[in-house]
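All remarks here apply to the structure that follows.
The values are calculated or read from the model by the stated rules, or taken from the named source; none is laboratory data. Remember, it's a predicted structure, so these values are computed and weren't measured experimentally. Cβ atoms come from the backbone with ideal geometry, glycine included; neighbour counts cover every protein chain shown. Quick note on the areas: whole protein, heavy atoms, side chains included, nothing else; ligands and nucleic acids left out. Shrake-Rupley method; radii C 1.70, N 1.55, O 1.52, S 1.80 Å.
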Amino acid sequence: GTIAERYTNNPGHPGYTNAAIDEIFNKFLIPQMFAEVAQGKRTPEEAARVYDRSFKRIFQKWRNLGKI
């Protein structure tokens, strides 16, 4: 329990989670981004750029719905 308490965080940490973070988390977008880099499908810079656009679209969708 000590390692888990010290080195794991809830989605949204250090802030609070919200609908956009929930969608990103539940679609496994961050692990997918890392996997693409690890498999050589994208460079780290390219993956960051591509997924940043995805994250911004998700956040904008939830802002438009008034949920964040």
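When the range 15-31 is filtered for residues that are part of a helix (DSSP H, G or I) and without any contact (Cβ under 8 Å) to a residue 12 or more places away in the chain, the ones remaining, listed by number, are 21, 22, 26, 31.
Residues are listed down the side, and each one gets a yes or a no for (1) of a type outside the set (Phe, Trp, Tyr); (2) touching a strand residue (DSSP E or B) at 6+ places or on another chain (Cβ under 7 Å); (3) open to solvent by less than 100 Å² (accessible area, probe 1.4 Å):
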site: 23; (1), (2), (3): yes, no, yes
site: 27; (1), (2), (3): yes, no, no
site: 30; (1), (2), (3): yes, no, yes
site: 44; (1), (2), (3): yes, no, yes
site: 50; (1), (2), (3): yes, no, yes
site: 53; (1), (2), (3): yes, no, no
site: 59; (1), (2), (3): no, no, yes
site: 63; (1), (2), (3): yes, no, no
site: 67; (1), (2), (3): yes, no, no
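Annotation: residue 4 fulfils all but one of (1) of a type in the set (A, V, I, L, M); (2) open to solvent by 50 Å² or more (accessible area, probe 1.4 Å); (3) touching a residue at least 24 places away in the same chain (Cβ under 8 Å); the unmet one is (3).
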